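To keep things clear, I will list the structure first and then write my remarks on it.
The values are calculated or read from the model by the stated rules, or taken from the named source; none is laboratory data. For clarity, every value in this text was computed on a predicted model and none was experimentally measured. Note that we place each Cβ from the backbone using ideal geometry, even for glycine, and neighbour counts take in every protein chain shown.
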Amino acid sequence: MPIRSASTPVQALAIPVGIAAFLLVLAGCSAPASTGGPEEPTDDAPATACEVGHWTLDVADFESQVVPFLEGNGIPVVDYALSGSGQLDIAEDGFIDGVVTLNSTGTIDPGGVPPTPFDVTSSYTFSGNWAVGDDPGTLDLSNWAQVADPGVPVDEYGVIPSFFDFTDIPSVSSECTADSLRLQGPDAPFSALWHRS
């Protein structure tokens, strides 16, 4: 079977440089774009795995995690809002890819200086190989590739953290039911909830 590849752009959460740097240090869930790509699928991803299917991102759930995290860590952001959509495909042959479009808006208001509004969007394509993990409730990942979409302008802050980038992360937690799937990288403060569609 030939190597599969993905060509669909993925748009991921991007926020101002001060907040982004803070999140990247704590989360450890964003990494430099990979130039690799998925390899030949293996037999470790059986068709009976719960994760196999087409999934839609729960953007509201993701936003509900970001807001208290920012507030709890003293990040002076007000009127924060996250909008967009996301799709994820996990195939029985061991291939995984998806597309996420997210727009982040809000205002940095530290007090004492004029507040700074932001409205940023970024774009990524991601894909890789997966297998059922040896540990219960995990997925093993490999050959993860995430490349910025050149068709989307770089945000004015010059920082585009992605909470869907699993480059160099060999395994993620997976809570899967008949209707929902929650994925989270090791020690990451955010998880992504998906609904089967």
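Tabulated data for the structure shown
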| quantity | calculated |
| --- | --- |
| Evaluation of W130 against (1) crowded, with 21+ Cβ neighbours inside 10 Å; (2) modelled with pLDDT of 85 or more; (3) under 20 Å from D61 (Cβ atoms) (one fails), failing number | (3) |
| Unmet requirement for L181, which otherwise passes all of (1) surrounded by fewer than 17 Cβ atoms within 10 Å (Cβ to Cβ); (2) at pLDDT 95 or above; (3) under 16 Å from the mean Cα position of the chain (by Cα) | (1) |
| Set L141, L193: member being under 23 Å from A81 (Cα atoms), surrounded by 15 or more Cβ atoms within 10 Å (Cβ to Cβ) and at pLDDT 85 or above | L193 |
| Odd one out for Y80, checked against (1) out of contact with any Asp or Glu (no Cβ under 7 Å at 6 or more places or on another chain); (2) surrounded by 15 or more Cβ atoms within 10 Å (Cβ to Cβ); (3) at pLDDT 90 or above; (4) farther than 18 Å from D149 by Cβ | (3) |
| Test: residue in region 150-173 that is part of a strand (DSSP E or B) and more than 21 Å from T56 (Cβ to Cβ) | yes |
| Any pair with Cβ under 7 angstrom, 6 or more apart, that starts in region 60-77 at a residue that is among the β-branched types (V, I, T) and ends at one that is assigned to a helix (DSSP H, G or I) | I75/I19; I75/F22; V77/I19; V77/L70 |
| Region 104-128 residues that are closer than 19 Å to V152 by Cβ and aromatic (F, W, Y), paired with ones that are surrounded by 19 or more Cβ atoms within 10 Å (Cβ to Cβ) and at pLDDT below 85 (beta carbon under 6 Å, 6 or more apart) | F118/P16; Y124/V10; Y124/A12; Y124/Q146; Y124/S162; F126/V10; F126/Q146 |
| Some residue of region 32-50 being in a helix (DSSP H, G or I), at pLDDT below 50, loosely packed, with under 15 Cβ neighbours inside 10 Å and not β-branched (V, I, T) | no |
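This table checks each residue for (1) buried (at least 20 other Cβ atoms within 10 Å of the Cβ); (2) within 30 Å of L141 (Cα to Cα).
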| residue | (1), (2) |
| --- | --- |
| S64 | no, yes |
| D93 | no, yes |
| V100 | yes, yes |
| G111 | no, no |
